[in-house]
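Report on the following structure.
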Amino acid sequence: MPPSAPGDPGAPPVPAGKHRIADVRVTPVAFRDLPLLNTVGVHEPFALRTVVEVVTDSGAYGLGDRDALARLHRRYVDCGIRERDDTGCMRRFEPGFEPSSPRW
């Protein structure tokens, strides 16, 4: 039986800890889009996106859209928050919450 690929439901979980980026793939995508009038003007006949895939040496990987990542980064910079307490935030809504490493 061949080994399962990272991300397959039957694959073993990726251990928490140090991960090094092993590969980055950038794929430009163009798809047909109707003419739209918006605050930036009219664009047609294609909408353009850039899909970014990051793969680590441990087999973990993730996908993202360059434009969405840029918008999220701008929101982070603008919000002014630099220290996070995710566990404390979760415990406000679920008092018994205990953090754990995700199983990808």
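Please treat every number below as a calculation from the coordinates, not as lab data. Just so it is clear, the model here is predicted, and its values are computed rather than measured. In this analysis, Cβ positions are derived from the backbone assuming ideal geometry, glycine residues included, and neighbour counts consider all displayed protein chains.
Rank these for me by crowding, SER100, SER58, going from fewest to most other beta carbons within 10 Å.
Numbers: SER100 7, SER58 16.
Exposure proxy ranking, most exposed first: SER100, SER58.
Under the 0.36 nm per residue contour assumption, what length would be gained going from the current alpha-carbon distance of LEU34 and ILE81 to full extension? Provide the component values of the computation, followed by the final result.
Numbers: separation 47, 0.36 × 47 = 16.92 nm, distance 3.86 nm.
Extra length available between LEU34 and ILE81 comes to 13.1 nm.
R0 = 41 Å: FRET efficiency of ALA47 with GLU98, Cβ-based, nearest 0.05? Numbers along the way, then the final one.
Details: r = 43 Å, r/R0 = 1.04.
Efficiency at R0 = 41 Å is approximately 0.45.
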